[in-house]
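Worksheet: the structure to be examined is printed underneath.
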Amino acid sequence: MSNESSREVVITGIGVFSPIGIGRAAFSAALREGRHGIGPVELHRFVPGPGGIGGEVSDFNDTTAKKEHLHILRKSLKVMCREIQMGVASALQAMSDAGLAPGDVPAQRIGCDFGANLMSSPPEVLEASALRSRSMRTGNLAFDFNAWGQTGMRGLEPLWLLKYLPNMPGCHIGIALEAFGPNNSITHDEASGGLVIAEACNAIRRDRADVMVAGVVGTRLHPVKSAMYSLLDPLAAGPAETCLRPFDRARSGEVLAEGACSLILEERGHAEARGAQILGTVLGCGASSVSGRDGVADEGRAIVLAANAALERAGLAVTDLGHINACASGHPDRDRHQAEGLCALLGDAVSEVPVTAVKSYYGSAGSGSALIELAASLLCLKDGQVPRTLNFESADEATPLNVAHGAATEARNGVFLKTSVTRMGQASAVVVRV
């Protein structure tokens, strides 16, 4: 994000759909109370792993989506999968939270940057097409790829592809909000949140927009995706209340989750002129991608580079930070890599700057995670607190981070760093002042 422009970017609205609550009030209450959102999954047909638990947005279902959150887009719901619906709903909620309605901002002066994972069809959606594609060509009745194009595709539901394209949240949001300015979609897993903020801020700083929706949505609670992630990552075992333990020495794995969050970013003068409530100021953003020639990612190094870039653009040092909001998920190896990177970033200040892991409340939602976590810091800092990490007892000896846990941790100041990183070594970082 360039800081050459004098146009300052502020945050004026939050729309959040998370396993610990929908909307700013419910989400904030869960954070204050230290209440997690992990439990038996009910809305999804299949979730692998111990106990069939996950971080599910249980209050977002077919009825509430249509009646409460997406009533102005009822005709479009048939071409939105659950992820797209949740992402669009978060943007509509964020606009309302910011005190803005469609048409309040000239269409060419409002845009959207949205992050999402690749989206998958539930297996039953492809069942009819798969059955149509069977043949005896190999001597046995089996799936025949040659039959797919001739007969199989006839079994697909109309407009099938539009329900699962990761750029569709941004498209639906642009139409619903009459936001015809800059519009882009990003698919960088956990790093997506920081990247959409950086792009949206740049659009405002370059005077291409006065208001931008920066949002993300993601899920790992999906029959196809959950099976994949259960092979890629260890899943946490034990009671739902205590199994998820980011940064803790006894961590055993991740919990699969879903979620969405949108922020309204606005040029400060524009926000002040309409009397908007300013929730925070974006001071700087950074990004990096680090892997070796063997393709092995270096998540710790990527975090350091992205964070240093964000701090440099913000004109700050690590000692100026009130806390760091990390991406830790309870993964035995990935948490260690992140902790090593954060220890290297903090240096002698490692014992001074608190670090928190908000995934301890709800699990791993892929692209949907970063802005949910950033929103947690924004809202907790309004009460002068750092979001605490649940279920943390002791750190790895080699990475002695000052993890905020237990009783509420009083914030040193209102400046924080949000870091996010993918298993591929793609990292993003955002510095915000409340």
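We did not get these values from a lab; they are worked out from the coordinates using the rules stated. Being a predicted model, the structure only gives us computed values, none of them experimental. Cβ placement follows ideal geometry from the backbone for every residue including glycine, while neighbour counts extend to all protein chains displayed.
The modelled label-to-label distance for the pair residue 184/residue 26, using points 7 Å beyond Cα in the direction of Cβ, is 3.3 nm.
Please give the charge dipole size of the range 205-287, origin at the Cα centre, charges +1 on K and R Cβ atoms and -1 on D and E Cβ atoms. Round to the nearest 20 debye. Don't skip to the end; give the middle numbers.
Working: 10 positive and 10 negative charges, 36 e Å.
Result for the range 205-287 is approximately 180 debye, rounded to the nearest 20.
Here the Karplus curve 6.51 cos²θ - 1.76 cosθ + 1.60, taken at θ = phi - 60°, turns the phi angles of the range 47-63 into couplings of 9, x, x, x, x, x, 9, x, x, 9, 7, 5, 7, 9, 9, 4, 6 Hz, with x standing for Gly and Pro.
In the chain, taking the dipole from charged Cβ atoms about the Cα centre, the farthest positive-side position among 54, 315, 177 is held by 177. Given the options 28, 129, 185, which has the most mean-square fluctuation in a GNM of the chain, springs set between C-alpha atoms less than 10 angstrom apart? Result: 129 has the largest fluctuation of those listed.
Tell me which of 191, 230, 129 sits at the most positive position along the dipole axis of the range 113-254, charges placed on C-beta atoms (Lys, Arg +1; Asp, Glu -1). Result: 129, furthest along the dipole toward the positive end.
Per-residue 3J(HN,Hα) values for the range 273-284, derived from phi via the Karplus relation 6.51 cos²θ - 1.76 cosθ + 1.60 with θ = phi - 60°, read 5, 9, x, 6, 7, 9, 8, x, 10, 7, 8, x Hz in sequence order (x marks Gly and Pro). Ranking 288, 28, 166 by how far each Cα lies toward the positive end of the dipole of the chain (charges on Cβ) leaves 166 at the top. For the chain, what is the Kirkwood hydrodynamic radius in Å, using each pair of distinct C-alpha atoms? Result for the chain, one decimal place: 21.8 Å.
In the range 87-162, which trypsin sites (Lys or Arg not before Pro) are in a loop and have at most 16 other Cβ atoms within 10 Å, using DSSP for the loop call? Loop-located and lightly packed - 137. Each residue, residue 413 and residue 274, gets one label point 7 Å from its Cα in the Cβ direction; the gap between the two is 3.1 nm. Straight distance only, please: which lysines reach the Cα of residue 382 with their own Cα at less than 28 Å, same-chain residues fewer than 8 apart left out? Counting by Cα, and skipping residues close in sequence, residue 382 has these lysines nearby: 359, 418. Listed by chain and number, the lysines whose C-alpha is less than 17 Å from the C-alpha of residue 66, apart from same-chain residues fewer than 8 away, are 75, 78, 163.
The 3J(HN,Hα) values that the Karplus relation (6.51, -1.76, 1.60; θ = phi - 60°) gives for the range 389-400 are, in residue order, 8, 7, 6, 8, 10, 8, 8, 5, 4, 6, 10, x Hz. Gly and Pro appear as x.
To the nearest 20 Debye, how big is the dipole of the range 237-343 about its Cα centre, given +1 on the beta carbon of each Lys and Arg and -1 on that of each Asp and Glu? Can you show the working numbers first?
On the way: 10 positive and 15 negative charges, 19 e Å.
The dipole of the range 237-343 has a size of about 100 debye.
Dividing the convex hull volume of the alpha-carbon atoms in the range 163-304 by its residue count gives 184 Å³ per residue.
Taking 0.36 nm per intervening residue step and subtracting the Cα-Cα distance, what contour gain separates residue 45 from residue 228 on full extension? List each step's numbers first, then the result.
Working: separation 183, 0.36 × 183 = 65.88 nm, distance 1.52 nm.
Roughly 64.4 nm would be gained on extension.
Between amide H atoms placed 1.01 Å from N, distances below 5 Å from residue 254 occur with 235, 236, all of them 5 or more places distant or on a separate chain. Summarising the amide proton neighbourhood of residue 219: residues at separation of 5 or more, or on other chains, whose placed amide H is nearer than 5 Å comprise 117, 367, 368.
Between 308, 325, 146, the Gaussian network model of the chain with springs among Cα atoms under 10 angstrom shows the greatest mean-square fluctuation at 146.
Potential lengthening of the chain between residue 61 and residue 157 amounts to 32.4 nm, from the contour at 0.36 nm per residue minus the alpha-carbon distance. What you get for the chain, charging only the Cβ of Lys and Arg (+1) and of Asp and Glu (-1), is a dipole of about 1080 debye around the Cα centre. Backbone amide hydrogens, once placed in the peptide plane, bring residue 403 within less than 5 Å of 355, excluding anything fewer than 5 places away on its chain. With the simple spin-label model, which puts each label point 7 Å out from Cα in the Cβ direction, the residue 175 to residue 206 separation comes to 2.6 nm.
Which GluC sites (Glu not before Pro) in the range 323-386 sit in a loop by DSSP (not H, G, I, E or B) and have at most 16 other Cβ atoms within 10 Å of their own Cβ? Write out the running numbers ahead of the final one.
Numbers: sites: 340, 352, 373; in loops: 352.
Passing sites in the range 323-386 are 352.
By average Cβ neighbour count within 10 Å, what is the ranking of 59-65, 211-217, 247-253 from highest down?
On the way: 59-65: 15.1, 211-217: 31.9, 247-253: 19.7.
Going from most to least packed, we get 211-217, 247-253, 59-65.
In the range 386-421, which residues have a backbone nitrogen under 19 Å from the label point lying 7 Å from residue 348's Cα in the Cα-to-Cβ direction? Once the point is set 7 Å along Cα→Cβ of residue 348, 400-402 turn out to lie under 19 Å by backbone N, inside the range 386-421. Build a GNM of the chain with springs between Cα atoms under 10 Å apart, and of 72, 22, 324 the one that fluctuates most is 72.
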